[in-house]
Amino acid sequence: MKVDQPTAIIQPTMWGIFFEDINFAADGGIYAELVKNRSFEFTQPLMGWKILKKDATEGVLILNRGETNAANPRFARITRTNSDEKFGLENEGFRGMGIKKGMTYHFSILARHMESTSLTMRIELVSSNGGPIGTASLKTEAGDWKRYTADFTATATEPKAKLNLWFEGKGTLDLDMISLFPDDTWKNRPEGLRADLVQLLADMKPGFIRFPGGCIVEGYELATRYQWKNTVGPVENRKTMINRWNTEFKHRLTPDYFQSFGLGFFEYFQLAEDLGAEPLPILSCGMACQFNSAEVAPMDQLEPYIQDALDLIEFANGSADSKWGKIRVQMGHPAPFNLKMVGVGNEQWGAQYIERYQAFVKRIKEKYPDIKIVTGTGPSPDGKFFDYASKELTRLHAEIVDEHYYAKPEWFLQNATRYDSYDRHSYKIFAGEYAAQSKSTVNPDNRNTWKCAMAEAAFMTGLERNAEVVSLCSYAPLFAHVDGWQWTPDLIWFDNLKSFGTANYYVQKLFSNNKGTQVLSMLLDGKPLTGQGGLYASAAFDQNKKEIILKLVNASDQVKNQKVLLESKKRLNPKAVLSILKSDNPEAFNSQEQPRLIIPVEQELKLNGKTIDLVLAPGTFSVIRITQLKYP
Ligand code: AHR
């Protein structure tokens, strides 16, 4: 292997993450809000809420002020005439609320009552057996809508707590935006993100983050597409909308899945910045999901969609004087987010997509010639739609083209050479969604097995060897709540208190944390290792750390002995570091019960001068880091 002769540059964006609000990834997941349906905007206004002790004279009335507040029309009116009975509202959270002993919780509410009232509010967290585990009181003043807050400390840890609001005294009170957040959010940002989940992302050191999806971008119909402008500004003005995964799978219906947009485009950009990842927003191109309604905006009515894209670039990068840049500044980010690329459409196909893509390109490039445009080839990595899109996008000199692969592990092994034959002078590849499926795509019995993870690692050696063509890659989907998922497999699983990475997560992390800056050519009998005897390999050089990085997958059931000759002008540190990910059982997977069953283990490897003798056990993914010494 010729260490001093790199063959291609590896883009800093090479290994990234794909975020979509599927499987409770946002609401109920990374967005740390604990109250579900906080503003009564779900189709059923009291979904997630229970009325505690109602009688004929008192209760909850849902009012709709749509004429004056279209973004947040509903609120609840509490009327209480009988102060002897207990009366309250209970929120069940997202499959319960994860509460930690000793943690401070921040409660907030918008309330109003025009006349003075003796009503007070007692806020009470209760465990799954009904016992109180935290309490606070609130008194409101007569007057128009006002935000009230109360902090309290939880006295017990509980994965499925509920929040009770008891109304004591007599009177009428209007309520909206009933909210509860833990104190320990990511970077301690008030009403922010769940720290353990963001930490798992940060540990991956992703080169980019694609958001907000996925099919969620497209909508079931155009009316329910993702519209970023509805997700910025004060949270109470972000119009809650049904989540398209609510009804997508009959076998995993999730009637309580909505989007509060508490995690909106400002927060996505901020998350990208926190992670040191390039933001990659994907926008509706005027085509609803072609698996659903397949509605298309006519070409002469595409303007609002294109304008949304132009305005987004202004929101991210524009000055405080610009209309949308000003909103970013008002939201607390004076500096631009330095957006460099946008995606036009998610998984679209057919001539109508190409037509719309061209309209977007023309207008975006006219105004922002430096913004790179990501386009796509549809849901499959082959077939008639794929072939058509690839041909058209080549003809149109597309810049970055998204390809998706949800397939059996065997497909991933067979496709380690997929990009060997791609044109080096055409578009760059964004491997934007991929995951090996242990059963079949969208099968609820899919598991994040070691066999799948290992097949992805083998395939990823092919992505890395072809970094000249492939510039962005991301596994999909990213997150899944153990009680609220629709799609499996997923990279990271969590419940209300804990989270864990799958074997697939550790594969991604190993690639990303050992990215390197240039591709090296590692050959056996003059050829790259692309499955000979079950072996797959790639190699990289990290110019900053002066490290040679080898990645090898032994997908066979036999031990493989490989001698690697490292032809380097510089001397090599005789002590190399091996990170090994393995399992004896291809069907094994990390779970809530065994979250660390398959995790990388580090050990030292000895070099013999410039050779390294590798003993690759069956069913292993090995990453070896060898440091060049300063002097020859
Ligand atoms: O990752 C889940 C879904 O798979 C995405 O939303 C979509 O783009 C693809 O079909």
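The values are calculated or read from the model by the stated rules, or taken from the named source; none is laboratory data. Keep in mind that what you see is a predicted model, and the values were worked out from it rather than measured. Cβ atoms come from the backbone with ideal geometry, glycine included; neighbour counts cover every protein chain shown. Ligands, DNA and RNA are excluded from the accessible area calculation, which covers all protein heavy atoms including side chains. Shrake-Rupley method; radii C 1.70, N 1.55, O 1.52, S 1.80 Å.
See the values below:
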{"quantity": "Cα-based convex hull volume of region 132-175 per residue, rounded to whole Å³", "calculated": "100 Å³"}
{"quantity": "Student exercise, region 1-133 dipole from Lys, Arg, Asp, Glu Cβ charges, in Debye to nearest 20", "calculated": "240 debye"}
{"quantity": "Under 10 Å, Cβ to Cβ, from GLY214 - net charge with Lys/Arg +1 and Asp/Glu -1", "calculated": "-3"}
{"quantity": "Estimated Rh, the chain: Kirkwood, alpha-carbon pairs, angstrom", "calculated": "26.2 Å"}
{"quantity": "The chain, relative contact order in percent, only Cα pairs under 8 angstrom and at least six apart counted", "calculated": "15 percent"}
{"quantity": "Cα gyration tensor of region 522-611 - equivalent ellipsoid semi-axes, whole Å, descending", "calculated": "27, 18, 12"}
{"quantity": "Cα gyration tensor category, rounded, prolate or oblate, for region 471-534 with a/c compared to 1.5", "calculated": "prolate"}
{"quantity": "Whole-Hz ³J(HN,Hα) from phi, Karplus 6.51 cos²θ - 1.76 cosθ + 1.60, for region 215-230, glycine and proline x", "calculated": "4, 4, 4, 7, x, 5, 10, 4, 4, 9, 5, 7, 10, 4, 5, 7"}
{"quantity": "Projected area averaged over orientations for region 300-443, convex hull of C-alpha atoms, nm²", "calculated": "11.1 nm²"}
{"quantity": "For region 40-93 versus region 569-622, the gap between their alpha-carbon centres in whole angstrom", "calculated": "57 Å"}
{"quantity": "Over region 1-83, relative contact order from alpha-carbon pairs under 8 Å, at least 6 apart, %", "calculated": "20 percent"}
{"quantity": "Farthest toward positive dipole pole in the chain [+1 Lys/Arg, -1 Asp/Glu at C-beta], among VAL35, THR155, ASN338", "calculated": "ASN338"}
{"quantity": "For region 169-298, convex hull of alpha carbons as volume per residue, Å³", "calculated": "173 Å³"}
{"quantity": "Mean Cβ count within 10 Å, highest first, over the residues of peptides 593-599, 149-155, 445-451", "calculated": "445-451, 149-155, 593-599"}
{"quantity": "Cα gyration tensor category, rounded, prolate or oblate, for region 243-323 with a/c compared to 1.5", "calculated": "oblate"}
{"quantity": "Region 288-332: Rg to Rh, with Rh as the Kirkwood radius over Cα pairs", "calculated": "1.20"}
{"quantity": "The chain - charge dipole about Cα centre, Lys and Arg +1 at Cβ, Asp and Glu -1, debye rounded to 20", "calculated": "1500 debye"}
{"quantity": "Surface per residue (accessible, 1.4 Å probe) for the chain, Å²", "calculated": "39 Å²"}
{"quantity": "Three-way shape call for region 23-83 based on the alpha-carbon gyration tensor, with the a/c threshold at 1.5", "calculated": "oblate"}
{"quantity": "Positive-end residue of PHE412, SER108, SER260, charge dipole of the chain with Cβ unit charges", "calculated": "PHE412"}
{"quantity": "Karplus-derived HN-Hα couplings along region 623-631 (A = 6.51, B = -1.76, C = 1.60, θ = phi - 60°), whole Hz, x at Gly and Pro", "calculated": "10, 10, 10, 10, 9, 7, 7, 4, 10"}
{"quantity": "When each of LYS229/LYS340; LYS205/LYS569; LYS187/LYS498; LYS451/LYS546 is checked by Cα-Cα distance, pairs over 23 Å", "calculated": "LYS205/LYS569; LYS451/LYS546"}
{"quantity": "GLY134 long-range amide H proximity, modeled H, under 5 Å", "calculated": "LEU125, THR155"}
{"quantity": "Net charge of Cβ neighbours under 9 Å - reference ALA142; Lys, Arg +1; Asp, Glu -1", "calculated": "-1"}
{"quantity": "Protection proxy ranking, peptides 370-378, 525-533, average beta carbon neighbours within 10 Å, highest first", "calculated": "370-378, 525-533"}
{"quantity": "Diffusion coefficient, µm² s⁻¹, Stokes-Einstein with Kirkwood Rh over alpha-carbon pairs of region 41-124 at 4 °C and 1.567 mPa s", "calculated": "85 µm²/s"}
{"quantity": "Kirkwood hydrodynamic radius (C-alpha pairs) into Stokes-Einstein, region 78-173, 25 °C and 0.890 mPa s, D in µm²/s", "calculated": "175 µm²/s"}
{"quantity": "Environment charge at TYR475 (Cβ cut-off 10 Å; Lys +1, Arg +1, Asp -1, Glu -1)", "calculated": "-3"}
{"quantity": "Inverse mean reciprocal Cα-Cα distance (Kirkwood Rh) of region 398-540, Å", "calculated": "15.8 Å"}
{"quantity": "Qualifying lysines (Cα of each under 30 Å from Cα of LYS170; at least 8 residues distant if same chain)", "calculated": "LYS36, LYS50, LYS53, LYS54, LYS86, LYS139, LYS146, LYS162"}
{"quantity": "In Å, descending, principal axis extents of the Cα set of region 415-462", "calculated": "41, 19, 12"}
{"quantity": "Net charge dipole size for region 428-550 [Lys, Arg +1 and Asp, Glu -1 on Cβ; Debye, nearest 20]", "calculated": "220 debye"}
{"quantity": "Solvent-accessible area of TRP49 with every protein chain in place, 1.4 Å probe, in Å² to the nearest 10", "calculated": "30 Å²"}
{"quantity": "Given charges at Cβ of Lys, Arg, Asp, Glu: region 517-632 dipole, positive-most of SER538, LEU581, ILE598", "calculated": "SER538"}
{"quantity": "Length-normalised contact order for region 436-544 - Cα pairs under 8 Å, 6+ apart - percent", "calculated": "25 percent"}
{"quantity": "Rounded to 5, percent antiparallel among DSSP beta bridges of the chain", "calculated": "75 percent"}
{"quantity": "The chain, accessible surface, carbon-and-sulfur percent (1.4 angstrom probe)", "calculated": "51 percent"}
{"quantity": "Packing-based ranking, highest mean first, of 255-264, 386-395 given that Cβ atoms within 10 Å are counted", "calculated": "255-264, 386-395"}
